[in-house]
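Data first, discussion second: the structure below is written as structure tokens.
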Amino acid sequence: MIWSPALIFSRAFEYNKSTMHPRLNKIAYHIAYLLCPIPLYAFSPPIRPSVYRQIGLPLTLRYATHDAAQSIKQKRGDIKWIACSSTLEVNRAIEKYVQEGDVVAELGSQLRDSSVTLCETIGPNGKAMLVDIERKFPKEKEGQKRTNNMRTYGNEKDFYTDRATFVETKGFEFWREALFFRETPKPKYNGLVVDMSSVVGNDLDLTCISLVKEFIALNHGSGENDNHCRVVIVKSGSLHNLARRLYHAQRIISGAQSPEHQHNGGHSSIIGAVGVKQYRETIPFVVRKGDICVEVGCHLGTTTTLIDKAANGGDENNSEASGGCLGVDIGSHIIKSARKKYTHLSFEVGDGFKTGELARMKEKHFRNKSCSSNKDSTYDVVYVDIGGLSGSDGLLEAISLLASISNSLEPRCIVIKSMCIRRLSSCLVPFSKVWQEEKGFS
């Protein structure tokens, strides 16, 4: 960034804005904007129209700042994570999303089908950085598929030498150095292809998510919208499964999607919501009459009451109803207040990460009631509002909790108030769905 007088001027007012009169602060902001608009876009939010009217500045400035902020937001959200369940899907995804002339990295490269497809797609004007760990080469056995799909000694010597660079590392943890710190200046990648099982020997979804997030961060330039990466293609059965059952709350509320119409192989549908309003707006689309529900992180029980009412068919005072909702929170004082405020509901002190406790609570409060969707499930629906997971951080912890709830309690649906999960629902795409839509399958 160039420290021009205009930028120094703007930073000085940013530093003193807490002690400055609000109107003078806004005027100073726009003087700095007129002198040096670009850096302010990266660090300051768009101004409300009412502010422009108060200080007498044209509303056209509002649209300029708004458009710039939207452009930055779109740049951030443009990176798609394409989850593939097989090498065939990886090859098809490469052909769809990678472009000629792209610079692409492949982690876990075996110099086989996906590497060939990648090099053919980028063409001679592109660049492929192919990275794998040091291996003991298997003895080749004719007709043995597993052996044929693994690279062997010397494969890299004549493998697309005009566009591909092969790097062998001593271990998985050295992928950062191989991709970003071998060259000066640091390369900028348009895409990443990764096969976790090839690199670490198993399909580790949390490790894969952590890797992708770090790759995107390292690939980022100095500017707020300076990220060349468009797509990350991941071969992972577990991430593909997650992508198929993960939903953005607004799509459910608008009617664009319905988790009830999907066949998730016994796994819970997951809905990511942001804010209390959107969190509660999912209730009519998720909770059915007769459902046994629990809200983890219920606080004073307001949302718990709404869920309980929906599970009772709209009559919260119906003691004979088959459904209901239990409120759980880790704070004993909060639970004490909730019990006083909503005497007709059940509340318990508990830790949402201890799913065994949640299962025992169901036996205590819904002893003679079975779940409406699956008699073997502990709960039909689980709502989650836990501090630390509702913001933009805590993605790995949130996914770990969701997996624990899904596997142990087996609910039909989990709704979580979490910005990081809702963001993941926007960028994580199962390639099987993309392929079916392209081919016109239902």
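These residues, 360, 112, go from largest to smallest accessible area, 1.4 Å probe, as 360, 112.
For 210, 114, 109, the ranking by accessible surface with the largest value first comes to 210, 114, 109, using a 1.4 Å probe.
Using Cα pairs under 8 angstrom and six or more residues apart, how large is the relative contact order of the range 93-132, in percent?
Once normalised by length, the contact order is 54 percent.
Of the residues 277, 369, 96, 341, the one with the largest accessible area comes first in the ranking 277, 341, 96, 369, computed with a 1.4 Å probe on protein heavy atoms.
Sort out for me the Cα centre separation of the range 378-442 from the range 79-106, rounded to whole Å. Between the Cα centre of the range 378-442 and that of the range 79-106, the gap is 23 Å. A cut-off under 11 angstrom between Cβ atoms defines the neighbours of residue 330, and their net charge, with Lys, Arg +1 and Asp, Glu -1, is -3. Please work out whether the range 310-380 counts as rounded, prolate or oblate from its C-alpha gyration tensor, where a ≥ b ≥ c are the square roots of the eigenvalues and a/c under 1.5 means rounded, while otherwise a/b larger than b/c means prolate and anything else oblate? It is oblate, given that a/c is not under 1.5 and a/b is not larger than b/c. Computing Rg and the Kirkwood Rh from the Cα coordinates of the range 311-442 gives a ratio, Rg/Rh, of 1.04.
Could you work out the Kirkwood radius for the range 386-442, taking every pair of different alpha carbons, averaging 1/r and inverting it, reported in Å? Could you put the intermediate results ahead of the total?
Details: mean 1/r = 0.0770 Å⁻¹.
By the Kirkwood definition, the hydrodynamic radius is 13.0 Å.
The values are calculated or read from the model by the stated rules, or taken from the named source; none is laboratory data. Note that this is a predicted model, so its numbers are computed, not measured. Virtual Cβ from ideal backbone geometry, glycine too; neighbours counted across all protein chains shown. We work out accessible area using only protein heavy atoms, side chains counted, and drop any ligands, DNA or RNA first. Shrake-Rupley method; radii C 1.70, N 1.55, O 1.52, S 1.80 Å.
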